[in-house]
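Some notes on the structure that comes next.
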Amino acid sequence: MFDKAKLMAKAFKLKKALESELTEFEENGVLIKVSGDQKVKFLSINGAENKVLVEVINKAMKKSQESAAKKMQDMGGLEGLF
């Protein structure tokens, strides 16, 4: 039980570290900032921020991640890979 609590604490710490990491990329007038946990935090096109597009992209990414997680679970998860 104690090991599980330690593991959960470590996972939480890793999650927080990833959330705080920010990668910025700019090309052809498009500026995007993405956190380490793969969430779009900011997007601008030719200097105009686009919050609607940020929301739609993040919803699509979440749906894709949920779909991938379900597929992995249906295939037996990560057990047997290690």
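Readers should treat all values here as calculations from the given coordinates under stated rules, not as data from a laboratory. Bear in mind the structure is a predicted one, so any value in this text is a computation, not a measurement. Note that each Cβ is placed from the backbone with ideal geometry, even for glycine, and that neighbours are counted across all protein chains shown.
Observations on the model:
- SER35 versus ASN50: modelled label distance in nm, points set 7 Å from Cα along the beta carbon direction: 2.2 nm
- With contacts taken as Cα pairs under 8 Å at a separation of at least 6 residues, the chain carries a relative contact order of 15 percent.
- Put a dot 7 Å past the Cα of GLN73, heading toward its Cβ, do the same for MET8, and the two dots end up 1.8 nm apart.
- With respect to the chain, whose longest principal axis is taken over its alpha-carbon atoms, helix 2-20 is tilted by about 10°.
- Ranked packing of 49-58, 6-15, most packed first, by mean Cβ within 10 Å: 49-58, 6-15
- Dimensionless Rg ratio for the range 2-74, taking C-alpha atoms and the 2.2 N^0.38 Å reference: 1.41
- Angle between the chain longest axis and helix 51-74 axis [Cα atoms, degrees, rounded to 10]: 20 degrees
- Among 59-71, 28-40, the order from most to least packed when residues are scored by Cβ within 10 Å on average: 28-40, 59-71
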